Amino acid sequence: MAKQNTVFKDAYNRCLKVLAETSSLPSEPELGQVLGVSRTTVRAILGRFEEAKLITWDKRKKIVLRQPRPDDYFPTEETDSLAEIIERSFMRRILAGGAEPGMQINELELAREIGTGTTSVREFLIRFSRFGLIEKRPNSHWILKGFTREFALELTEVREMFELRSAASFVALPDSHSAWQELSRIEALHHEILADIDNRYKEFSELDERFHLLVHKSSSNRFIVDFYDIISIVFHYHYQWNKTNARQRNARALEEHLAYIEALRSHDAKRAEEACRRHLRSARETLLQSIP
(Lines give C-alpha, C1' and ligand atoms only; values in the text may rest on other atoms or scores of the structure.)
Protein backbone atom coordinates (compact mmCIF):
# COMPACT_ATOMS: atom_id res chain seq x y z
CA MET A 1 0.00 0.00 0.00
CA ALA A 2 2.85 2.40 0.83
CA LYS A 3 4.30 1.89 -2.63
CA GLN A 4 0.89 2.46 -4.25
CA ASN A 5 0.44 5.70 -2.27
CA THR A 6 3.87 6.88 -3.39
CA VAL A 7 3.02 6.16 -7.03
CA PHE A 8 -0.28 8.03 -6.69
CA LYS A 9 1.26 11.07 -4.99
CA ASP A 10 4.09 11.28 -7.50
CA ALA A 11 1.64 11.03 -10.44
CA TYR A 12 -0.68 13.55 -8.74
CA ASN A 13 2.13 16.12 -8.46
CA ARG A 14 3.14 15.56 -12.08
CA CYS A 15 -0.47 15.96 -13.19
CA LEU A 16 -0.62 19.25 -11.29
CA LYS A 17 2.28 20.45 -13.45
CA VAL A 18 0.34 19.45 -16.58
CA LEU A 19 -2.65 21.35 -15.23
CA ALA A 20 -0.51 24.43 -14.59
CA GLU A 21 0.53 24.54 -18.22
CA THR A 22 -2.87 24.30 -19.89
CA SER A 23 -6.46 25.47 -19.60
CA SER A 24 -7.69 21.94 -20.32
CA LEU A 25 -6.66 18.36 -19.70
CA PRO A 26 -6.31 15.50 -22.22
CA SER A 27 -8.44 12.36 -22.12
CA GLU A 28 -7.97 9.75 -19.39
CA PRO A 29 -6.03 7.34 -21.66
CA GLU A 30 -3.76 10.18 -22.80
CA LEU A 31 -3.16 11.30 -19.22
CA GLY A 32 -2.36 7.72 -18.25
CA GLN A 33 0.19 7.56 -21.02
CA VAL A 34 1.76 10.90 -20.11
CA LEU A 35 1.98 10.02 -16.42
CA GLY A 36 2.83 6.35 -16.89
CA VAL A 37 0.02 5.14 -14.61
CA SER A 38 -3.19 3.14 -14.93
CA ARG A 39 -6.54 4.60 -15.87
CA THR A 40 -7.76 3.85 -12.34
CA THR A 41 -5.01 6.04 -10.91
CA VAL A 42 -5.85 8.80 -13.40
CA ARG A 43 -9.48 8.74 -12.25
CA ALA A 44 -8.39 8.93 -8.62
CA ILE A 45 -6.26 11.97 -9.46
CA LEU A 46 -9.10 13.68 -11.30
CA GLY A 47 -11.44 12.95 -8.41
CA ARG A 48 -9.06 14.60 -5.99
CA PHE A 49 -8.65 17.56 -8.36
CA GLU A 50 -12.41 17.99 -8.31
CA GLU A 51 -12.52 17.82 -4.49
CA ALA A 52 -9.82 20.52 -4.36
CA LYS A 53 -11.91 22.64 -6.78
CA LEU A 54 -9.11 22.63 -9.32
CA ILE A 55 -11.42 21.33 -12.05
CA THR A 56 -15.01 20.40 -12.80
CA TRP A 57 -15.27 16.90 -14.21
CA ASP A 58 -18.31 15.55 -16.00
CA LYS A 59 -17.43 12.29 -17.73
CA ARG A 60 -15.19 13.31 -20.64
CA LYS A 61 -15.44 17.05 -20.07
CA LYS A 62 -12.89 18.60 -17.72
CA ILE A 63 -12.75 22.34 -17.11
CA VAL A 64 -9.89 23.99 -15.22
CA LEU A 65 -11.19 26.27 -12.47
CA ARG A 66 -7.90 27.56 -11.09
CA GLN A 67 -4.14 27.17 -11.27
CA PRO A 68 -2.39 24.89 -8.74
CA ARG A 69 -0.89 26.52 -5.66
CA PRO A 70 2.21 25.28 -3.79
CA ASP A 71 0.02 23.80 -1.04
CA ASP A 72 -1.82 21.64 -3.60
CA TYR A 73 1.29 19.51 -4.06
CA PHE A 74 2.25 16.57 -1.87
CA PRO A 75 5.56 17.20 -0.05
CA THR A 76 8.58 15.81 -1.88
CA GLU A 77 9.36 13.33 0.90
CA GLU A 78 5.95 11.68 0.38
CA THR A 79 6.71 10.91 -3.27
CA ASP A 80 10.14 9.38 -2.75
CA SER A 81 11.12 5.91 -3.91
CA LEU A 82 11.72 3.10 -1.40
CA ALA A 83 15.49 3.62 -1.74
CA GLU A 84 15.08 7.31 -0.86
CA ILE A 85 12.83 6.47 2.10
CA ILE A 86 15.43 4.02 3.47
CA GLU A 87 18.17 6.59 3.00
CA ARG A 88 16.17 9.30 4.79
CA SER A 89 15.40 6.97 7.74
CA PHE A 90 19.06 6.01 8.04
CA MET A 91 20.15 9.65 7.87
CA ARG A 92 17.58 10.60 10.50
CA ARG A 93 19.06 8.04 12.89
CA ILE A 94 22.51 9.51 12.43
CA LEU A 95 21.50 13.17 12.47
CA ALA A 96 19.10 12.91 15.42
CA GLY A 97 21.99 12.86 17.89
CA GLY A 98 23.83 10.42 20.07
CA ALA A 99 25.75 8.85 17.19
CA GLU A 100 29.28 7.91 18.24
CA PRO A 101 31.98 5.59 16.88
CA GLY A 102 31.01 2.03 17.70
CA MET A 103 27.24 2.64 17.56
CA GLN A 104 25.41 -0.44 16.25
CA ILE A 105 23.00 -0.30 13.33
CA ASN A 106 20.64 -3.27 13.10
CA GLU A 107 19.18 -4.16 9.69
CA LEU A 108 16.02 -5.67 11.16
CA GLU A 109 15.27 -2.69 13.42
CA LEU A 110 15.77 -0.25 10.56
CA ALA A 111 13.56 -2.36 8.27
CA ARG A 112 10.78 -2.47 10.89
CA GLU A 113 10.98 1.27 11.41
CA ILE A 114 10.52 1.86 7.68
CA GLY A 115 8.03 -0.95 7.11
CA THR A 116 10.01 -2.79 4.46
CA GLY A 117 12.06 -5.96 4.05
CA THR A 118 15.61 -6.37 5.32
CA THR A 119 16.94 -7.07 1.82
CA SER A 120 16.30 -3.48 0.69
CA VAL A 121 17.87 -2.10 3.87
CA ARG A 122 20.91 -4.37 3.49
CA GLU A 123 21.41 -3.24 -0.12
CA PHE A 124 21.44 0.40 1.01
CA LEU A 125 23.92 -0.26 3.84
CA ILE A 126 26.23 -2.19 1.53
CA ARG A 127 26.16 0.71 -0.93
CA PHE A 128 26.83 3.22 1.83
CA SER A 129 29.66 1.14 3.34
CA ARG A 130 31.94 1.96 0.40
CA PHE A 131 32.64 5.31 2.07
CA GLY A 132 34.26 3.49 4.99
CA LEU A 133 32.00 5.02 7.65
CA ILE A 134 30.14 1.82 8.52
CA GLU A 135 31.43 -1.73 8.76
CA LYS A 136 29.56 -5.05 8.52
CA ARG A 137 29.53 -7.33 11.55
CA PRO A 138 27.91 -10.77 12.04
CA ASN A 139 24.18 -11.20 12.76
CA SER A 140 22.88 -8.36 10.57
CA HIS A 141 24.72 -5.71 12.57
CA TRP A 142 26.75 -2.78 11.30
CA ILE A 143 29.14 -0.55 13.24
CA LEU A 144 29.44 3.21 12.79
CA LYS A 145 33.12 4.13 12.50
CA GLY A 146 35.07 7.34 13.02
CA PHE A 147 37.22 9.13 10.44
CA THR A 148 40.26 11.37 10.25
CA ARG A 149 40.74 15.11 9.99
CA GLU A 150 42.41 14.64 6.60
CA PHE A 151 39.37 12.76 5.30
CA ALA A 152 37.08 15.59 6.40
CA LEU A 153 39.29 18.28 4.85
CA GLU A 154 39.39 16.50 1.51
CA LEU A 155 35.64 16.18 1.68
CA THR A 156 35.12 19.94 2.13
CA GLU A 157 37.04 20.57 -1.09
CA VAL A 158 34.84 18.16 -3.03
CA ARG A 159 31.70 19.56 -1.40
CA GLU A 160 32.55 23.06 -2.57
CA MET A 161 33.09 21.95 -6.16
CA PHE A 162 29.83 20.01 -6.23
CA GLU A 163 27.67 22.58 -4.49
CA LEU A 164 28.90 25.52 -6.53
CA ARG A 165 28.04 23.55 -9.66
CA SER A 166 24.63 22.67 -8.21
CA ALA A 167 23.84 26.24 -7.10
CA ALA A 168 24.58 27.47 -10.62
CA SER A 169 22.15 24.88 -11.97
CA PHE A 170 19.50 25.84 -9.40
CA VAL A 171 19.37 29.54 -10.35
CA ALA A 172 18.88 28.49 -13.99
CA LEU A 173 15.78 26.42 -13.22
CA PRO A 174 12.54 27.78 -14.72
CA ASP A 175 10.06 29.33 -12.30
CA SER A 176 7.64 26.47 -13.00
CA HIS A 177 10.09 23.84 -11.68
CA SER A 178 8.90 21.97 -8.57
CA ALA A 179 12.22 22.68 -6.81
CA TRP A 180 11.08 26.26 -6.17
CA GLN A 181 7.98 25.02 -4.35
CA GLU A 182 10.09 22.74 -2.17
CA LEU A 183 12.46 25.64 -1.54
CA SER A 184 9.50 27.71 -0.31
CA ARG A 185 8.54 24.97 2.15
CA ILE A 186 12.12 24.72 3.38
CA GLU A 187 12.37 28.50 3.74
CA ALA A 188 9.17 28.57 5.82
CA LEU A 189 10.60 25.92 8.16
CA HIS A 190 13.72 28.02 8.63
CA HIS A 191 11.61 30.95 9.82
CA GLU A 192 9.56 28.69 12.12
CA ILE A 193 12.66 27.27 13.81
CA LEU A 194 14.30 30.67 14.17
CA ALA A 195 11.13 32.01 15.80
CA ASP A 196 11.47 29.34 18.51
CA ILE A 197 15.21 28.74 18.33
CA ASP A 198 15.67 28.02 22.06
CA ASN A 199 13.40 24.97 21.83
CA ARG A 200 13.91 23.90 18.21
CA TYR A 201 17.59 24.43 17.40
CA LYS A 202 18.17 20.65 17.39
CA GLU A 203 15.91 20.37 14.34
CA PHE A 204 18.53 22.12 12.24
CA SER A 205 20.50 19.02 11.21
CA GLU A 206 17.65 17.36 9.35
CA LEU A 207 16.54 20.63 7.75
CA ASP A 208 20.11 21.36 6.67
CA GLU A 209 20.34 17.95 5.01
CA ARG A 210 17.02 18.55 3.24
CA PHE A 211 18.07 21.99 1.96
CA HIS A 212 21.47 21.05 0.62
CA LEU A 213 20.18 17.84 -0.95
CA LEU A 214 17.59 19.90 -2.84
CA VAL A 215 20.36 22.14 -4.17
CA HIS A 216 22.49 19.14 -5.17
CA LYS A 217 19.58 17.47 -6.95
CA SER A 218 19.25 20.45 -9.27
CA SER A 219 22.58 19.43 -10.82
CA SER A 220 20.81 16.43 -12.42
CA ASN A 221 24.08 14.60 -11.85
CA ARG A 222 23.64 11.21 -10.18
CA PHE A 223 27.22 11.20 -8.85
CA ILE A 224 26.83 14.57 -7.16
CA VAL A 225 23.50 13.56 -5.58
CA ASP A 226 24.82 10.18 -4.48
CA PHE A 227 27.94 11.73 -2.95
CA TYR A 228 25.83 14.04 -0.79
CA ASP A 229 25.15 11.09 1.57
CA ILE A 230 28.72 11.12 2.79
CA ILE A 231 28.86 14.92 2.95
CA SER A 232 25.83 15.10 5.22
CA ILE A 233 27.00 12.32 7.50
CA VAL A 234 30.47 13.80 8.01
CA PHE A 235 29.33 17.32 8.75
CA HIS A 236 26.47 16.51 11.13
CA TYR A 237 28.09 13.50 12.74
CA HIS A 238 31.03 15.65 13.79
CA TYR A 239 28.85 18.52 14.98
CA GLN A 240 27.44 16.13 17.55
CA TRP A 241 30.87 15.66 19.09
CA ASN A 242 31.04 19.33 19.98
CA LYS A 243 27.74 20.56 21.39
CA THR A 244 29.28 23.79 22.68
CA ASN A 245 27.27 26.79 21.48
CA ALA A 246 25.05 24.49 19.39
CA ARG A 247 22.12 26.89 19.63
CA GLN A 248 24.13 29.91 18.44
CA ARG A 249 25.87 27.87 15.76
CA ASN A 250 22.60 26.55 14.36
CA ALA A 251 20.93 29.95 14.51
CA ARG A 252 23.81 31.44 12.50
CA ALA A 253 23.60 28.63 9.95
CA LEU A 254 19.84 29.14 9.58
CA GLU A 255 20.42 32.85 8.87
CA GLU A 256 23.09 31.91 6.32
CA HIS A 257 20.65 29.52 4.66
CA LEU A 258 18.04 32.25 4.35
CA ALA A 259 20.59 34.55 2.68
CA TYR A 260 21.57 31.65 0.41
CA ILE A 261 17.91 30.99 -0.46
CA GLU A 262 17.36 34.67 -1.24
CA ALA A 263 20.37 34.58 -3.57
CA LEU A 264 19.03 31.50 -5.35
CA ARG A 265 15.67 33.23 -5.84
CA SER A 266 17.40 36.17 -7.50
CA HIS A 267 18.42 33.93 -10.44
CA ASP A 268 21.72 35.80 -10.27
CA ALA A 269 24.49 33.20 -10.67
CA LYS A 270 27.22 35.44 -9.21
CA ARG A 271 25.15 36.35 -6.17
CA ALA A 272 24.26 32.69 -5.58
CA GLU A 273 27.94 31.70 -5.86
CA GLU A 274 28.96 34.31 -3.27
CA ALA A 275 26.25 33.18 -0.83
CA CYS A 276 27.18 29.55 -1.38
CA ARG A 277 30.90 30.17 -0.79
CA ARG A 278 30.19 32.22 2.33
CA HIS A 279 28.02 29.49 3.85
CA LEU A 280 30.40 26.64 2.94
CA ARG A 281 33.35 28.56 4.41
CA SER A 282 31.46 28.91 7.69
CA ALA A 283 30.47 25.21 7.63
CA ARG A 284 34.11 24.22 7.04
CA GLU A 285 35.27 26.26 10.04
CA THR A 286 32.61 24.67 12.23
CA LEU A 287 33.60 21.20 11.06
CA LEU A 288 37.28 21.78 11.86
CA GLN A 289 36.42 23.06 15.34
CA SER A 290 34.45 19.88 16.06
CA ILE A 291 37.23 17.43 15.19
CA PRO A 292 39.48 16.48 18.14
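The values are calculated or read from the model by the stated rules, or taken from the named source; none is laboratory data. These numbers were taken from a predicted model, which means no experiment stands behind them. Using ideal geometry, Cβ is built from the backbone for each residue, glycine included, and neighbour counts are taken over all protein chains shown. Accessible surface areas use protein heavy atoms only, side chains included; no ligands, DNA or RNA. Shrake-Rupley method; radii C 1.70, N 1.55, O 1.52, S 1.80 Å.
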Rounded to the nearest 500, what is the 222 nm mean residue ellipticity of the chain from helices alone, with -39500 (n - 2.57) per DSSP H run of 4+ residues and division by all residues?
-21500 deg cm²/dmol
With R₀ set to 30 angstrom, the calculated FRET efficiency between the beta-carbons of SER184 and GLU157, to the nearest 0.05, is 0.45
Could you give the length gained on full extension between GLU150 and LYS270, defined as 0.36 nm per residue of separation minus the Cα-Cα distance, in nm?
40.2 nm
Between VAL34 and ALA172, Cβ-based FRET efficiency (R0 30 Å, step 0.05) works out to 0.75
Size of the dipole of segment 82-144 about the Cα centre, Lys and Arg at +1 and Asp and Glu at -1 on the beta carbon, nothing else charged, in debye to 20?
80
Quick calc: nm separation of the 7 Å Cα→Cβ label points for ASP226 and ARG66 -> 4.3
Positive end of the dipole of the chain, charges at C-beta (+1 Lys, Arg; -1 Asp, Glu), about the Cα centre: which of VAL225, LEU46, HIS177 has its Cα farthest in that direction?
LEU46
Percent relative contact order for the chain, counting Cα pairs under 8 Å at least six residues apart, stands at 16
Please identify which residues in segment 97-126 have an amide N closer than 11 Å to a label point set 7 Å out from the Cα of ARG137, following the Cα→Cβ vector.
102-106
Is segment 149-289 rounded, prolate or oblate when judged by the Cα gyration tensor, a ≥ b ≥ c being the square roots of its eigenvalues, rounded requiring a/c under 1.5 and prolate requiring a/b larger than b/c?
oblate
Suppose R0 equals 41 Å; then what is the FRET efficiency for ARG48 and THR118 from their Cβ-Cβ distance, rounded to the nearest 0.05?
0.75
Cα gyration tensor shape of segment 8-140, rounded if a/c is under 1.5, else prolate or oblate by comparing a/b with b/c
prolate
Between GLU78 and LEU258, what is 0.36 nm times their sequence separation minus the Cα-Cα distance? Round to one decimal in nm.
62.4 nm
How charged is the neighbourhood of ARG130? Take every other residue with its Cβ under 11 Å from the Cβ of ARG130, and add Lys/Arg as +1 and Asp/Glu as -1.
-1
Out of residues 5 or more away from HIS177 or on other chains, whose amide H comes under 5 Å of its own, with H placed 1.01 Å from N in the peptide plane?
none
Cα-based convex hull, segment 145-202, per residue volume (Å³, whole number):
136
Mind ranking VAL64, VAL7, VAL215 by accessible surface for me, highest first, 1.4 Å probe?
VAL7, VAL64, VAL215
Assuming a ≥ b ≥ c are the square roots of the Cα gyration tensor eigenvalues, decide whether segment 82-144 counts as rounded (a/c under 1.5), prolate (otherwise, with a/b larger than b/c) or oblate.
rounded
Ranked order, HIS190, HIS177 - accessible area, probe 1.4 Å, largest first:
HIS177, HIS190
